[in-house]
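Written out below as structure tokens is the structure these notes cover.
The values are calculated or read from the model by the stated rules, or taken from the named source; none is laboratory data. Worth saying up front: this structure is predicted, and the values here are computed from it rather than measured. All Cβ positions, even for glycine, are placed from backbone atoms using ideal geometry, and neighbour counts span all protein chains on display.
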Amino acid sequence: MSGIPGYEPGIGLDLEEYFRKTQQEKVFNLLKCMKKYSLETFEHSVAVAELSGQMGQRLGYTEDDIVRLRAAGLLHDIGKLTIPLTLLCKKGELTKKEREQIQTHVLAGYTLLLPCISDVNILLAVRQHHERLDGTGYPDGISKGITDFAKIVMLADVYDGMTRQRTYRSESISEVLAKKIMEKDKAGYEGEYLRIFLKNIV
Ligand SMILES: [Fe+2]
């Protein structure tokens, strides 16, 4: 199996090994498709994997758990493969209908991975990364039962989503402003994780 060009050093190699060990050729192919389909989504996913892995380290996770956590970060937006590029790359405000269509990427990703991944923590991180602890998220609007992996991936996702330079959609914002916004929305996140993330990771 060849590697995915463009991975940050240290991210690709052990995840390739992880996917090999778990016989996830299909998952690997999905990632290759994503890189071709939307480089921005792919690069965002690599960044989310990296930030999530750093959180895992900070929280004292085992090496094995950190690899799984990074895999979850790498795969969290894989369902965007099902969103038309015209919508994914649309400039400016989205309509309510368009927003709802983009939100389908969560369940789409979960459904895509369900036949090829047995690790429940990875599957649930994909499914729950847009949930919020105050119940304002989607797709299920739950406030309980959100996994630790999902709580970590959501922080990395929000932060990288706000600060990443993009060629479409809204302008990226400064790291300082992103931190302030996350502080303001703290009811949605695990308090201790948010504190560690903002203090030590970014
Ligand atoms: Fe997402």
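Of the numbered criteria (1) at pLDDT 95 or above; (2) part of a helix (DSSP H, G or I); (3) within 13 Å of the ligand (Cβ to nearest atom), the one Phe197 fails is (3).
Kindly indicate whether Lys180 is in a helix (DSSP H, G or I) and free of Cβ contacts under 8 Å to residues at least 12 places away in the same chain. In short, yes.
Residues that are polar (S, T, N, Q) and in a loop (DSSP other than H, G, I, E, B) were ranked within region 160-177; the one that is modelled with the lowest pLDDT is Thr167.
Take the conditions (1) within 16 Å of the ligand (Cβ to nearest atom); (2) buried (at least 19 other Cβ atoms within 10 Å of the Cβ); Cys89 misses just one of them, which is (2).
Of the residues Tyr61, Tyr110, which single one is hydroxyl-bearing (Ser, Thr, Tyr), out of contact with any Cys (no Cβ under 7 Å at 6 or more places or on another chain), touching a residue at least 24 places away in the same chain (Cβ under 8 Å) and crowded, with 16+ Cβ neighbours inside 10 Å? Quick ask: steps written out before the conclusion?
Working: Tyr61 fails: touching a residue at least 24 places away in the same chain (Cβ under 8 Å).
Just a single option satisfies the conditions, and that option is Tyr110.
Inside region 39-93, residues that are over 17 Å from Ala108 (Cβ atoms) and more than 12 Å from the chain's Cα centre (by Cα) make up a count of 22.
Among the residues of region 18-26, is any modelled with pLDDT of 85 or more and away from the ligand (no atom under 16 Å from the Cβ)?
The answer is no; no qualifying residue exists.
When you go through (1) away from the ligand (no atom under 14 Å from the Cβ); (2) in contact with a His (Cβ under 6 Å, 6 or more places away or on another chain) one by one for Gly79, which number turns out not to apply? Among (1) away from the ligand (no atom under 14 Å from the Cβ); (2) in contact with a His (Cβ under 6 Å, 6 or more places away or on another chain), the lone unmet condition for Gly79 is (1). Among the residues in region 77-84, are any touching a Phe, Trp or Tyr at 6+ places or on another chain (Cβ under 7 Å) and surrounded by fewer than 16 Cβ atoms within 10 Å (Cβ to Cβ)? Checked region 77-84: no residue is touching a Phe, Trp or Tyr at 6+ places or on another chain (Cβ under 7 Å) and surrounded by fewer than 16 Cβ atoms within 10 Å (Cβ to Cβ).
Residues in region 106-123 that are in contact with a Leu (Cβ under 8 Å, 6 or more places away or on another chain) and either within 16 Å of the ligand (Cβ to nearest atom) or among the β-branched types (Val, Ile, Thr) (or both): Ala108, Gly109, Tyr110, Leu112, Leu113, Ile117, Ile122, Leu123. Taking the condition touching a residue at least 24 places away in the same chain (Cβ under 8 Å), surrounded by 13 or more Cβ atoms within 10 Å (Cβ to Cβ) and within 11 Å of the ligand (Cβ to nearest atom), does Tyr159 pass? When the stated conditions are applied, Tyr159 does not pass them. Taking region 144-154 as the range and being modelled with pLDDT of 95 or more and more than 13 Å from the ligand (Cβ to nearest atom) as the test, the residues that pass are Ile146, Thr147, Asp148, Phe149, Lys151, Ile152.
Considering region 124-143, the residues that are among the aliphatic types (A, V, I, L, M) and touching a Ser or Thr at 6+ places or on another chain (Cβ under 6 Å) include one that is farthest from the ligand (Cβ to nearest atom), namely Leu133.
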